[in-house]
Amino acid sequence: VIHSYFLASEDEVFSHELSYGIDQKGNRNRISNFPFISQEEFTEYFIKETFNYPNKGFIIRLHPRMAANKRNFFESAEHIRYKKLLLRLKVPENVFIIYGDSNISSYYVINISELIITTWSTIALESLLLGKRAIALFPFRTCYPIASFSNQPKDWKECIETIFKDKNLGIVNDICLISWMQNAFESQFFFTPVPRGK
């Protein structure tokens, strides 16, 4: 059993907040009692907690955009910061780290995983489309309503039970997902002179 955690590139946050009108003080699209303010805080907790589940395999995948291979040959400050964090922490044997400049495909990681955990990346959309369970821990920062097309954790307890135990959340509702994938790739991320769908 492999549960994979995909870190999002934090330079997405500001554009999402501006583009999608995210309320920084309080948004209804939050997980109840979620104790972490930042992705970095959750990452540190996640690594420490994996020691308690030695029979599960975990992968941490840093976003490729953090690394030089997606940034015109310069490494982002956040990639360096996460490298330092991962060097500082003791990482258990059941956790495999994939840095942003790795040649290992994110789609390969999705394929071998039973659950995809993300903060706000579109990798959750892609995982659901590929038939994998996926949850978003900061759903108010996503540019898509993940809870509308998959069953997401409603509170922190359900997060823990899904990530580390056997609660079966993150399953897709296919019809809504396909509609949102069309919308995301046709209208949200680039302009098209003639929209191809409704």
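Pairs, please: C-beta under 8 Å, at least 6 apart or cross-chain, first residue within 24 Å of K48 (Cβ to Cβ) and of a type in the set (K, R) and in segment 148-161, second open to solvent by 40 Å² or more (accessible area, probe 1.4 Å) and assigned to a loop (DSSP other than H, G, I, E, B)?
So the pair list comes out as K157/N33.
Report, by residue number, each residue of segment 50-69 that is surrounded by 12 or more Cβ atoms within 10 Å (Cβ to Cβ) and more than 18 Å from the chain's Cα centre (by Cα).
Answer for segment 50-69, where residues must be surrounded by 12 or more Cβ atoms within 10 Å (Cβ to Cβ) and more than 18 Å from the chain's Cα centre (by Cα): F51, Y53, K56, A68, N69.
Look at segment 37-49 and say how many of its residues are touching a residue at least 40 places away in the same chain (Cβ under 8 Å) and open to solvent by less than 70 Å² (accessible area, probe 1.4 Å).
Residues that pass the stated criteria total 8.
So which residues in segment 134-159 are outside any loop (DSSP other than H, G, I, E, B) and in contact with a helix residue (DSSP H, G or I) (Cβ under 8 Å, 6 or more places away or on another chain), if there are any at all?
Once the filter is applied, which keeps residues that are outside any loop (DSSP other than H, G, I, E, B) and in contact with a helix residue (DSSP H, G or I) (Cβ under 8 Å, 6 or more places away or on another chain), segment 134-159 yields A134, I135, A136, P139, R141, I146, A147, S148, F149, S150.
If I ask for residues that are modelled with pLDDT of 85 or more, of a type in the set (A, V, I, L, M, F, W, C) and out of contact with any Leu (no Cβ under 9 Å at 6 or more places or on another chain), which ones from segment 34-76 would you list?
Selection gives I37, F46, F51, F58, I59.
Residue-by-condition table, conditions (1) modelled with pLDDT of 90 or more; (2) loosely packed, with under 15 Cβ neighbours inside 10 Å; (3) not β-branched (V, I, T):
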site	(1), (2), (3)
P92	yes, no, yes
Y107	yes, yes, yes
N111	yes, yes, yes
W120	no, no, yes
F138	yes, no, yes
T142	no, no, no
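The values are calculated or read from the model by the stated rules, or taken from the named source; none is laboratory data. Being a predicted model, the structure only gives us computed values, none of them experimental. Heads up, the Cβs are rebuilt from the backbone with ideal geometry, glycines too, and the neighbour counts pull from every protein chain shown. Areas reflect the complete protein model, heavy atoms only, side chains present, ligands, DNA and RNA absent. Shrake-Rupley method; radii C 1.70, N 1.55, O 1.52, S 1.80 Å.
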